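Student: A single structure is presented below for examination.
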């Protein structure tokens, strides 16, 4: 049996293997599709929708991180329709995000900010109420500021701290939905085991290490365009 | 044209408390035929040939769905009857559940026979809790008569989430999880409930099955239009003299339902399909009710000249923002933005810029949302902008 799947991405003929997603094939071919919730080697989440692409014959755009490739697919990853949609999505995230980049610990390594810059987004067109949650800073290994959370859910699936019982879960609905700890209790001093799995992959300033005075930043600054 | 009762033919005729009264009027004959004379393939072919499409709003061809689950590999297959009738303004399934639970059970059993399922669920809306005993009694009576024949049919109750009427969220809810839309593929026919092949059909869809099996696909496909076969049950409410449940042949004009049957006067607009449905102004009242034009799950809410369009659209959007599951960005954030913008227009504080932004936002939501809720949430806004733009422009802050 032929084990290759032939498709085109942006007019270029490419091949994938059965079970690969559009995103995986695109990245193998050097095409950059932005993602905020996808994490390599973990099951796709499909929540942020930034990875949407145009597939010929499909009524809507499809999420590339969870859609497997199929023979003969014709995909556009950066068509005007796709770009316009991604812009709206990022602007929607920014609309309820605190305007705190100036003093945010993650400002220079923030994925949300980088993607906004890549898409040449300035002030968002939309206005909504902002989330306000008190900063949870009792834990010695993690500071949690849910006002800055973009609800990508990476931390929910990445958490290894308690095996079967992950540290985080989802609660509430719609705009009020929130990544919670326990029954929506602040992260206490003994909650987690210092593996940093969630902190490393948080795309915004919602999760970070407590910074001690005089300590250097661990990560390299991202290049901020525009 | 008067009503044509196919789905509702037993309603108000039989005693819904006694299975014997149902048997006297020919009940469970289709099940005997399906089990005795037909192979699963013949059953799905008959349903395919009838042209029956899902009555829950999306209109997916029922036979194709069944065939997908029938041929999918899987040790345990499931049939789910979606009785989470949560769409704003629908009450037709409630009427069916009250008046004719036996035909529904028969439809579920035939579906189970067709795909090779041994387990079925009826997912009952939380607000229909008062029907639980009634429905359970109907299942018990069918079991006593030996109709279940090894098939296990259970009722699962929702807890009041609109999103759990969406098929993937509904399955999450049955599995005991938080009800949220799943991405597709995989589709339920190959990986549904507990990862097994599953078909999930609306109450009304399953009600159509026994008559199709009994009378044949040709009889069924004579009714309706080219791509919309059979009849449809509508829940008509709002500014009408005779609100209620009406069944008419698909393709009939909206005017017939609204003005002739429900006797509405001074109609300003009609919302078809509930909160995520379409809005049509009075001069579009001759639009046929069919999948080709406008249909939804059968909610028809009529508004007369005294109603304020912005008020209606605003309240619709507040509802959707409240009921969004919150998983995907466009629906979670977009419905909130829309509700807030519409609130401004409602207070006369809108701006033209925001109208343009609403259009860009609507397009992104329709294109990128995970499920039907987010994809269809902007419908009321887009339709009212098309037909009642003046109402918006007159609310722009001076």
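Student: Scan the range A:179-212 for residues that are assigned to a loop (DSSP other than H, G, I, E, B), touching a helix residue (DSSP H, G or I) at 6+ places or on another chain (Cβ under 9 Å) and farther than 19 Å from residue A:106 by Cα and jot them down. Working first, answer last.
Tutor: Going residue by residue through the range A:179-212, those that are assigned to a loop (DSSP other than H, G, I, E, B) are A:182-196, A:202-206, A:209-212.
Retained after the next criterion (residues that are touching a helix residue (DSSP H, G or I) at 6+ places or on another chain (Cβ under 9 Å)): A:192, A:202-206, A:209.
Hit for the range A:179-212 is A:192, nothing else.
Student: Can I ask one more? For residues in the range A:95-114 being within 24 Å of residue B:336 (Cα to Cα) and buried (at least 21 other Cβ atoms within 10 Å of the Cβ), which is nearest to the other protein chains (Cβ to nearest Cβ)? Walk me through how you get there before you give the answer.
Tutor: From the range A:95-114, those within 24 Å of residue B:336 (Cα to Cα) are A:95-101, A:111-113; that's our starting set.
Right, trim to buried (at least 21 other Cβ atoms within 10 Å of the Cβ) and you get A:96-97, A:112-113.
Numbers: A:96: 6, A:97: 10, A:112: 11, A:113: 16 Å.
Checked the range A:95-114; the qualifying residue nearest to the other protein chains (Cβ to nearest Cβ) is A:96.
Student: Within the range B:283-294, is there a residue that is closer than 29 Å to residue A:48 by Cβ and surrounded by 21 or more Cβ atoms within 10 Å (Cβ to Cβ)?
Tutor: Taking the range B:283-294 first, the residues closer than 29 Å to residue A:48 by Cβ are none.
Among the residues of the range B:283-294, not one is closer than 29 Å to residue A:48 by Cβ and surrounded by 21 or more Cβ atoms within 10 Å (Cβ to Cβ), which makes the answer no.
Student: May I ask you to say which residue of B:293, B:264 is free of Cβ contacts under 8 Å to residues at least 12 places away in the same chain and either touching a helix residue (DSSP H, G or I) at 6+ places or on another chain (Cβ under 8 Å) or under 23 Å from residue B:53 (Cα atoms) (or both)? Steps first, answer last, please.
Tutor: Working: B:264 fails: free of Cβ contacts under 8 Å to residues at least 12 places away in the same chain.
Selected residue: B:293, the only one of B:293, B:264 that is free of Cβ contacts under 8 Å to residues at least 12 places away in the same chain and either touching a helix residue (DSSP H, G or I) at 6+ places or on another chain (Cβ under 8 Å) or under 23 Å from residue B:53 (Cα atoms) (or both).
Student: Answer yes or no: is there a residue in the range A:142-163 that is exposed (fewer than 15 other Cβ atoms within 10 Å of the Cβ), within 14 Å of chain B (Cβ to nearest Cβ), under 21 Å from the mean Cα position of the chain (by Cα) and more than 15 Å from residue A:209 (Cα to Cα). Walk me through it before giving the result.
Tutor: The first filter runs over the range A:142-163 and keeps only residues exposed (fewer than 15 other Cβ atoms within 10 Å of the Cβ), leaving A:160, A:162-163.
Filter again for within 14 Å of chain B (Cβ to nearest Cβ), leaving none.
Scanning the range A:142-163 turns up no residue that is exposed (fewer than 15 other Cβ atoms within 10 Å of the Cβ), within 14 Å of chain B (Cβ to nearest Cβ), under 21 Å from the mean Cα position of the chain (by Cα) and more than 15 Å from residue A:209 (Cα to Cα).
Student: Can you go through B:387, B:392 and tell me which one is more than 14 Å from chain A (Cβ to nearest Cβ), surrounded by 19 or more Cβ atoms within 10 Å (Cβ to Cβ) and either under 26 Å from residue A:54 (Cα atoms) or modelled with pLDDT of 95 or more (or both)? Full working, then the answer.
Tutor: On the way: B:387 fails: surrounded by 19 or more Cβ atoms within 10 Å (Cβ to Cβ).
Of the residues listed, the single one that is more than 14 Å from chain A (Cβ to nearest Cβ), surrounded by 19 or more Cβ atoms within 10 Å (Cβ to Cβ) and either under 26 Å from residue A:54 (Cα atoms) or modelled with pLDDT of 95 or more (or both) is B:392.
Student: Restrict the check to the range A:25-48 and report whether at least one residue is more than 10 Å from chain B (Cβ to nearest Cβ), assigned to a helix (DSSP H, G or I) and in contact with a helix residue (DSSP H, G or I) (Cβ under 6 Å, 6 or more places away or on another chain).
Tutor: no
Student: Just checking, which of B:150, B:120 is outside any helix (DSSP H, G or I) and surrounded by fewer than 18 Cβ atoms within 10 Å (Cβ to Cβ)? Write out each step before concluding.
Tutor: Details: B:120 fails: surrounded by fewer than 18 Cβ atoms within 10 Å (Cβ to Cβ).
Checking each option against the conditions leaves just B:150.
Student: Just to be sure I understand, how many residues within the range A:62-105 are assigned to a loop (DSSP other than H, G, I, E, B), touching a residue at least 60 places away in the same chain (Cβ under 8 Å) and touching a strand residue (DSSP E or B) at 6+ places or on another chain (Cβ under 6 Å)?
Tutor: From the range A:62-105, those assigned to a loop (DSSP other than H, G, I, E, B) are A:64-67, A:69-73, A:77-79, A:96-100, A:104-105; that's our starting set.
Restricting the remaining residues to those that are touching a residue at least 60 places away in the same chain (Cβ under 8 Å) gives A:69-73, A:77-78, A:96-97, A:100, A:104-105.
Still in the running and touching a strand residue (DSSP E or B) at 6+ places or on another chain (Cβ under 6 Å): A:69, A:71, A:73, A:77, A:105.
Result for the range A:62-105: 5.
Student: Does residue B:306 satisfy the criteria of being within 14 Å of another protein chain (Cβ to nearest Cβ) and either under 21 Å from the mean Cα position of the chain (by Cα) or at pLDDT 95 or above (or both)? Explain how you work it out, then say what you get.
Tutor: Values: within 14 Å of another protein chain (Cβ to nearest Cβ): no; either under 21 Å from the mean Cα position of the chain (by Cα) or at pLDDT 95 or above (or both): yes.
No, not satisfied.
Student: Sticking with this one: Go over the candidates A:128, A:140 one by one and state the one that is assigned by TED's automatic domain parsing to the domain that holds residue A:182, out of contact with any helix residue (DSSP H, G or I) (no Cβ under 8 Å at 6 or more places or on another chain), on the phi < 0 side of the Ramachandran plot and in a loop (DSSP other than H, G, I, E, B).
Tutor: Values: A:128 fails: out of contact with any helix residue (DSSP H, G or I) (no Cβ under 8 Å at 6 or more places or on another chain).
The conditions single out A:140.
Student: Restricting to the range A:208-226, name every residue that is within 24 Å of residue A:48 (Cβ to Cβ), at pLDDT 75 or above and out of contact with any strand residue (DSSP E or B) (no Cβ under 6 Å at 6 or more places or on another chain).
Tutor: Result: A:209, single match.
Student: Filter the range B:186-203 for residues that are out of contact with any helix residue (DSSP H, G or I) (no Cβ under 6 Å at 6 or more places or on another chain) and part of a strand (DSSP E or B) and give the result.
Tutor: B:198, B:201, B:202
Student: Could you look through the range B:333-344, keep only residues that are touching a residue at least 24 places away in the same chain (Cβ under 8 Å) and at the interface with chain A (Cβ under 8 Å from one of its Cβ atoms), and pick out the one that is surrounded by the most Cβ atoms within 10 Å (Cβ to Cβ)?
Tutor: Per the stated criteria, the residue is B:334.
Student: I'd like the full set of residues that are in a helix (DSSP H, G or I), within 15 Å of residue B:384 (Cβ to Cβ) and either more than 8 Å from every other protein chain (Cβ to nearest Cβ) or under 25 Å from the mean Cα position of the chain (by Cα) (or both), limited to the range B:345-369. It would help to see each step written out before you state the result.
Tutor: Taking the range B:345-369 first, the residues in a helix (DSSP H, G or I) are B:345-346, B:352-368.
From what's left, within 15 Å of residue B:384 (Cβ to Cβ): B:345-346, B:354-355, B:358-359, B:361-362.
Once the filter is applied, which keeps residues that are in a helix (DSSP H, G or I), within 15 Å of residue B:384 (Cβ to Cβ) and either more than 8 Å from every other protein chain (Cβ to nearest Cβ) or under 25 Å from the mean Cα position of the chain (by Cα) (or both), the range B:345-369 yields B:345, B:346, B:354, B:355, B:358, B:359, B:362.
The values are calculated or read from the model by the stated rules, or taken from the named source; none is laboratory data. All values reported here derive from a predicted model rather than from experimental measurement. No Cβ is skipped: glycine too gets one built from the backbone with ideal geometry, and neighbour counts run over all protein chains shown.
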